[in-house]
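Written below as C-alpha cells is the structure these notes are about.
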Amino acid sequence: MPQRWKKRIRIALGIVVLLILSCLIWGVFIEPNHLIVRQETIQIENWPKEFSGLRIALVADIHTGGPFIDDKKLQRIVELTNQQNPDLIVLLGDYMSPNSWHSRRVEPEVTAAAMKNLHAPLGVYAVLGNHDWWYNGEKVRRAFEANNIPVLDDEVAEIKWQSRSFWLVGLADFWTRPQHVDETIAKVPAGAPVIALTHNPDVFPGLPQSIPLLLAAHTHGGQVSLPLIGTPIVPSRFGRKYAAGHVIENGHHMFVTTGIGTSILPVRFRVPPEIVILTIKS
C-alpha cells in the first residue's frame with residue numbers, strides 16, 4: 001500500500017476515534033446536565049372550548065441522587081417550572097434512584113420538600129413510578145403529601161377552572177401495581193372532561209374512549225438517539241412507538257415527556273432533559 005494511503009487511513013481512524021470520544025464526553029458529562037423547557041401544543045377535537053389554552057407543566061423522572069441531580073438541580077427544576085407560569089403542574093413519577101455505581105439513594109423527603117415550592121393556580125399533583133415502588137411507594141407518597149402535593153394512585157381529583165370543572169385521573173404504575181383503570185375512571189362523573197396521568201405509557205392502548213388525553217413519562221425518550229438509527233432501547237413493550245412526544249391512536253391523545261434524570265446508564269445523547277409546557281386547545 002502506498003505511503004500516502006497509509007497516512008490517509010491513519011488520519012481517518014484518528015478522526016473516527018476523536019468523534020467517538022467527543023460523543024461519549026457529550027453524552028455522559030454535558031447533555032445529562034442540561035435542562036431545557038419544551039413548549040408543545042396539542043389540539044383535541046372534543047376538548048371543551050372553556051378549557052382551551054390550558055397550560056400544564058410536565059415534570060418527570062427526576063431520579064434524585066442520579067448524575068447531576070442534586071439539591072441545586074432540584075431548585076433549578078422548581079425555578080424553571082415556576083417561571084413558565086403554568087396553570088397546572090403534574091409530577092409523573094420516578095423521584096427515586098437506587099444505590100449503584102453511578103447513583104445514590106436520596107430519601108423522598110428531600111425531593112418532596114423541594115417540589116413543595118412549585119406553584120400553579122390549579123395546583124400540583126403527582127403519581128408514582130416503578131422506581132418509587134421498588135423503593136417504598138407508601139413512604140414516597142407520605143413524603144409528597146406531607147408537603148401538600150396530592151398523590152393520585154388510582155384516585156381522581158376535581159379541578160375547578162373558569163366556572164367549570166375537569167378531572168384528573170391518576171392511574172397506578174403499569175410495571176409494579178395492580179391495574180384498576182376502569183374502576184378508577186368510574187369515579188369521575190359521566191361526561192365530565194378528563195385528563196389521565198400515569199408513569200408508564202404502556203397503559204395507553206387499554207384506555208376507554210372517555211379519556212381524551214393521557215400524560216406519561218418513564219421512557220426517558222430512550223436516553224440515546226443515534227443519527228440514522230434512532231433510539232436503540234426504549235423501556236416499553238411497544239418499543240419506539242411510545243418513546244416520546246405526542247401520540248394519537250383511535251381518537252385518543254397521549255403526550256410522553258422524556259423527563260429529567262437518567263436510569264440504568266448515566267447517559268443522554270440527543271435526548272436532553274426537559275420540562276414540558278403543554279398547551280391544550282380545543
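The values are calculated or read from the model by the stated rules, or taken from the named source; none is laboratory data. Every value quoted in this text rests on a predicted model; they were computed, and no experiment measured them. FYI the Cβ positions are ideal-geometry reconstructions off the backbone, even for glycines, and counts take in every protein chain you see. Protein only, heavy atoms only, side chains kept; ligands, DNA and RNA dropped before computing areas. Shrake-Rupley method; radii C 1.70, N 1.55, O 1.52, S 1.80 Å.
Can you give me the Kirkwood hydrodynamic radius for segment 47-100, using every pair of distinct Cα atoms, in Å to one decimal? This gives a value of 12.8 Å.
Computed over the alpha carbons of segment 3-136, Rg followed by Dmax gives 21.1, 75 Å. The order of the peptides 196-204, 117-125 by mean Cβ neighbours within 10 Å, most packed first, is 196-204, 117-125. Cα centroid separation, segment 49-80 to segment 192-226: 17 Å. Take 275-281, 152-158, 107-113 and order them by the average number of nearby Cβ atoms within 10 Å per residue, most first; the result is 275-281, 107-113, 152-158. When you filter the GluC sites (Glu not before Pro) in segment 1-67 for DSSP loop state and at most 13 other Cβ atoms inside 10 Å of their Cβ, you are left with E45.
Over segment 173-282, what portion of Cα pair distances is larger than 25 Å, expressed as a whole percent? Cα-Cα pairs in segment 173-282 separated by more than 25 Å: 25 percent.
Note on segment 135-201: the C-alpha convex hull projects to 5.4 nm² when averaged across all orientations.
Of all DSSP bridge pairs formed entirely within the chain, close to 40 percent run antiparallel. Rolling a 1.4 Å probe over the heavy atoms of the protein chains gives segment 1-139 an accessible area of 53 Å² per residue.
Kirkwood radius for the chain, taken over all pairs of different Cα atoms as the inverse mean of 1/r, rounds to 19.6 Å. Pairwise Cα distances in segment 9-68 exceed 16 Å for 69 percent of all pairs. Angle between the Cα long axis of helix 137-146 and the longest principal axis of the chain, 0 to 90 degrees, nearest 10? The helix 137-146 is inclined about 70 degrees to the chain. Using a cut-off of 21 Å between Cα atoms, the listed pairs K241/K281; K187/K241; K73/K116; K49/K187; K73/K160; K160/K281 include K241/K281; K187/K241; K49/K187; K73/K160 as exceeding that distance. Computed on the Cα atoms alone, the convex hull of segment 98-170 gives a volume of 95 cubic angstrom per residue.
Please give the helix 3-25 orientation as an angle from the longest Cα principal axis of the chain, in degrees from 0 to 90, rounded to the nearest 10. Taking Cα atoms only, the helix is inclined about 30 degrees.
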